[in-house]
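Participant: For reference, the structure I am asking about is given below.
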Amino acid sequence: MGHRFGCTGKSTKVLREELTKYGFAVVEPEIKCNWNPDASNLNKAEELVSALLA
């Protein structure tokens, strides 16, 4: 990839595009969290686990 997108908010989009380009199945939802997760982020993590297990 060569680019650094961690501070721009584009990291999940770039990672999703790269993984898809190389044939990986990518699940929804994605989680964006700045430093310390809050209750909303933790709820999304539960949704993500369910999607991964499906």
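Read-outs throughout are calculated quantities, based only on the coordinates presented, and are distinct from any laboratory measurement. Note that the coordinates shown come from a computational prediction; the quantities given were computed from them, not determined experimentally. Counting neighbours? That spans all protein chains shown, and the Cβs are built from the backbone with ideal geometry, glycine included.
Participant: Can you give the local net charge around THR12? Use residues other than it whose beta-carbon is closer than 9 angstrom to its beta-carbon, Lys and Arg +1, Asp and Glu -1. All intermediate terms of the calculation are to be shown ahead of the outcome.
Facilitator: On the way: positive: LYS10, LYS13, ARG16, LYS32; negative: GLU30.
Charge balance in the 9 Å sphere: +3.
Participant: For LYS13 and GLU30, calculate 0.36 nm times their separation in residues minus their Cα-Cα distance, and state this gained length in nm to one decimal. If you can, show how the numbers build up before the last one.
Facilitator: On the way: separation 17, 0.36 × 17 = 6.12 nm, distance 0.93 nm.
Result: 5.2 nm gained on full extension.
Participant: In addition: Separation between the GLU46 and TYR22 pseudo-spin-labels, each 7 Å from Cα along Cα→Cβ, expressed in nm?
Facilitator: Modelled inter-label distance: 3.3 nm.
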